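Single-structure report; data block below.
The values are calculated or read from the model by the stated rules, or taken from the named source; none is laboratory data. Keep in mind it's a predicted model, so treat the numbers as computed, not measured. So basically every Cβ, Gly included, is an ideal-geometry build from the backbone, and we count neighbours across all protein chains shown. For the accessible areas, the whole protein counts, side chains as well, though only heavy atoms, and no ligand, DNA or RNA atoms are used. Shrake-Rupley method; radii C 1.70, N 1.55, O 1.52, S 1.80 Å.
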Amino acid sequence: RARLGDGAAEHPGLAVDLDLADARVLFREHKFTEGAPILREVIAKARALERHETAIIAALLLGPMLSDLRELDEAERVFAELIDACVARDDRFHLAIAYGNRAWLWTARGAIDRTEDDLRLVIQLSREMGQAHNERVATHNLAEHRLWRGQLDEALPLARRGLALQSHAGEGSTRPDRLLLARVLAARNDRVELRSVLATFDAETDLADDERITLAVLRALAADDNAALARAISEIDAVFAQLRLELAVMAARRSTLPDDVRPGLIELAREDPLWAGRIGEL
C-alpha cells in the first residue's frame, strides 16, 4: 500500500488485490464480521475489472465466512456463482477448492450427505490434476466424517490413503494422519495394528492438549486397561465436541463412561447432525 500511495485510480487492479489481501488477513484471524463486507466489494470490483482470479479467490473466502455467520442463503448463492465461474473458465484447481470450502455451508445446514458428496468431488478432481495436497485434505476430512457416522469399512482405507499422501507427497507432519488412522483402528477394536500406530507417537513431545487426551484414550484401549481409560475419559471436556463424542462412545462400549456425564453428551449429540443418529451408543 505504501508503494501504491495515491495511485489507486491509475492501478485499480492492484488496489483491489490489496483489499483482497486485507480480507485474507481477517479470514485467518477469524474476523468474519469485518472481512465479509470487504470481500463483497472486492468481488464486485474485480468482476468489473475482469480480474477473474481475484474475484474467485475472494468468493472462496466469502462463502465460508458467510456460512460461519449463518448467512446461509447468501453463502449458497456465492458458492453457486463461484462454481459456475470456475466451470466456465475450466479452472479445475479453484473448482476443487470451491467444493472443499462448500463443506462449511453444508455443515452449517446439517446437510451431511452433501458435504461428503462435495469431498468426493474434491478427491476426484485432485487426482485428475495430480494435486496431492488437496486430495489429502479432502480424504482426511471424508475419513473423519465416515468414522463419526460409524462407516468404518470406508473410513479405514480413506485414513490409510490420507496418511500415504501426506507421507509421500505432502508437506509438514504426518501426525494428524497417523492419529486419525489410530482413531479408526480403535473404533474397529483392531488392537494389534492400533498398538503399532501408537508406537510412532512414543517420541512425540510437543503434543497439543486434544492430541494428548486422544492418545491417552487410545493407549488405554490398546492396552485393554479400563482404569487408565476412565482416567483419560475424565479429561475429554477439553477436546472439541465431535471428537469428545467419538471418545465417549469408545468408553461407553467398555462401560467406563461415567453416568453423570452421559446426559450432557447426549444433548451434545442431539445438536450435531453427524452424531444425532448415534445417541443410543452413549
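At a glance:
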read-out: Check on ARG160, crowded, with 22+ Cβ neighbours inside 10 Å and either among the charged types (D, E, K, R) or in contact with a strand residue (DSSP E or B) (Cβ under 6 Å, 6 or more places away or on another chain) (or both); value: no
read-out: Filter pass, THR139 being assigned to a helix (DSSP H, G or I), buried (at least 21 other Cβ atoms within 10 Å of the Cβ) and either among the hydroxyl-bearing types (Ser, Thr, Tyr) or touching a Pro at 6+ places or on another chain (Cβ under 9 Å) (or both); value: yes
read-out: Criterion violated by ALA276 - all others in (1) out of contact with any Leu (no Cβ under 9 Å at 6 or more places or on another chain); (2) open to solvent by 50 Å² or more (accessible area, probe 1.4 Å) satisfied; value: (2)
read-out: Number of the condition not met by ALA169 [criteria: (1) modelled with pLDDT of 95 or more; (2) open to solvent by 30 Å² or more (accessible area, probe 1.4 Å); (3) of a type in the set (A, V, I, L, M, F, W, C)]; value: (1)
read-out: Criterion (open to solvent by less than 50 Å² (accessible area, probe 1.4 Å) and under 30 Å from ALA111 (Cβ atoms)) met by exactly one of ALA232, ALA216, ALA241, ALA222; value: ALA241
read-out: Hits in the range 172-197 - residues which are over 17 Å from ARG136 (Cα atoms), open to solvent by 20 Å² or more (accessible area, probe 1.4 Å) and either in contact with a strand residue (DSSP E or B) (Cβ under 8 Å, 6 or more places away or on another chain) or of a type in the set (Val, Ile, Thr) (or both); value: VAL192
read-out: Which listed residue, of THR54, THR33, is touching a residue at least 24 places away in the same chain (Cβ under 8 Å), surrounded by fewer than 17 Cβ atoms within 10 Å (Cβ to Cβ) and not aromatic (Phe, Trp, Tyr); value: THR33
read-out: Test: residue in the range 253-274 that is within 13 Å of ARG149 (Cα to Cα) and touching a residue at least 40 places away in the same chain (Cβ under 8 Å); value: yes
read-out: Residue satisfying all of: in the range 1-30; farther than 19 Å from HIS94 by Cα and in contact with a helix residue (DSSP H, G or I) (Cβ under 7 Å, 6 or more places away or on another chain); least open to solvent (accessible area, probe 1.4 Å) among these; value: VAL16
read-out: Matching option when the condition is touching a residue at least 40 places away in the same chain (Cβ under 8 Å), assigned to a helix (DSSP H, G or I) and surrounded by 18 or more Cβ atoms within 10 Å (Cβ to Cβ), among LEU95, LEU105, LEU119, LEU125; value: LEU105
